[in-house]
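Asker: Following this message is one structure expressed as structure tokens.
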Amino acid sequence: MHLKGLKYPLIAAVVIIVLGLLFTGQWTYKKYFLETPLVENINSLPEVEESRFYEETNVLEIKLKEVKNLQKTYTAIKDKLKELKASKYLNIVIIDKRDELLQELFYKSSFAVHQAIAKGDFIYMHDYISKLALEAGIEKFYIFIDNENIYLQFHKGNNYLYEIIKRK
């Protein structure tokens, strides 16, 4: 089929090749210039066991080793993301090694945490969580607070739970 000297099969082939090159270029850019440096930089932090980036949901999943100060670790992660100019739209998900006991303890603690956020009574929150941790036989726990978040850590045996609760 010819229309003023044009060959439709040739035009279709060129369009398909150009679109293929564009999609391949976009995939290469995302994979090797965005995702790989992001994951490699986060994995370079000593507290990080591994991380994964899920482009479709814009989630950065970070599996942490056992750490002594969750606030310090989270701040280091956020600083690294700011360096990479990647922190704006990322949803960070922290992965820990929780078990049922630690999960139940967090559930019971969450009421005091949210009450402290609403009323500003962080001393009561600390005392209440201390009592719960003692009753549950928790070996160590830490609560850190800054202007943005409350950081909870519970450790028992080889298991640990990390939760970051936004204050606002």
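Asker: Can you tell me, using C-alpha contacts under 8 Å and at least 6 residues apart, the relative contact order of region 12-141 as a whole percent?
Answerer: 16 percent
Asker: Where nothing but the Cβ of Lys and Arg (+1) and of Asp and Glu (-1) is charged, how large is the charge dipole of region 9-95 around its Cα centre, in debye to the nearest 20? Walk me through the intermediate numbers first.
Answerer: Numbers: 12 positive and 11 negative charges, 54 e Å.
Computed charge dipole of region 9-95: roughly 260 debye.
Asker: Report for region 9-95 the percent antiparallel among DSSP-assigned beta bridges with both residues inside it, nearest 5. Working shown, then result.
Answerer: On the way: 6 of 11 bridges.
Rounded to the nearest five, the antiparallel share is 55 percent.
Asker: Quick one: which of LYS63/LYS168; LYS63/LYS108; LYS85/LYS108; LYS72/LYS108 span more than 31 angstrom between C-alpha atoms?
Answerer: Numbers: LYS63/LYS168 25 Å; LYS63/LYS108 24 Å; LYS85/LYS108 37 Å; LYS72/LYS108 25 Å.
Violating the 31 Å Cα-Cα cut-off are LYS85/LYS108.
Asker: Could you put LEU60, LEU6 in order, starting from the residue whose Cβ has the fewest other Cβ atoms within 10 Å? Kindly include the intermediate steps, with their values, before the conclusion.
Answerer: On the way: LEU60 22, LEU6 9.
If I rank by nearby Cβ atoms, fewest first, I get LEU6, LEU60.
Asker: Less than 18 Å apart at the alpha-carbon level, and either on another chain or at least 8 residues along: which aspartates and glutamates does that give for LYS119?
Answerer: Candidates past the 8-residue exclusion: ASP127, ASP146, GLU148.
Asker: Another question, then. Beta carbons within 10 angstrom, averaged per residue: use that to sort the peptides 107-113, 10-16, highest first.
Answerer: Going from most to least packed, we get 107-113, 10-16.
Asker: Given SER130, TYR54, GLN103, which one lies farthest toward the positive end of the charge dipole of the chain, if we put +1 on the Cβ of every Lys and Arg and -1 on the Cβ of every Asp and Glu?
Answerer: Towards the positive end, the residue furthest out is TYR54.
Asker: Could you tell me the center-to-center distance, by alpha carbons, between region 60-90 and region 104-141 in angstrom?
Answerer: Taking the Cα centre of each part, region 60-90 and region 104-141 sit 24 Å apart.
Asker: While we're here: Per the Kirkwood definition applied to all pairs of different Cα atoms, how many angstroms is the hydrodynamic radius of region 100-166?
Answerer: 11.9 Å
Asker: So, one more: Given that compact globular proteins tend to follow 2.2 N^0.38 Å, what is the ratio of the alpha-carbon Rg of the chain to that value?
Answerer: Working: Rg = 23.9 Å, N = 168, 2.2 N^0.38 = 15.4 Å.
Normalised Rg, Cα atoms only: 1.55.
Asker: Debye sum, Cα scatterers, region 9-95, no solvent: what log₁₀ I/I(0) at q = 0.25 1/Å?
Answerer: After summing over all Cα pairs, the log10 values are -1.24.
Asker: Sticking with this structure for a sec: Explain nothing, just compute: Karplus ³J(HN,Hα) = 6.51 cos²θ - 1.76 cosθ + 1.60, θ = phi - 60°, for every residue of region 127-142 in order, whole Hz, x for Gly and Pro.
Answerer: Result, rounded to whole Hz: 4, 5, 5, 4, 5, 4, 5, 4, 4, 7, x, 5, 5, 7, 8, 9.
Asker: How much length is gained on full extension from GLU83 to LEU21, taking 0.36 nm per residue of separation minus their Cα-Cα distance?
Answerer: Details: separation 62, 0.36 × 62 = 22.32 nm, distance 3.09 nm.
Additional length available on full extension: 19.2 nm.
Every number in this text was worked out from the coordinates using simple rules, so none of it is lab data. Note that the structure is a prediction, hence the values are computed from the model and not measured. A quick note on method: Cβ atoms are made from the backbone with ideal geometry, for glycine too, and the neighbour counts reach across all protein chains shown.
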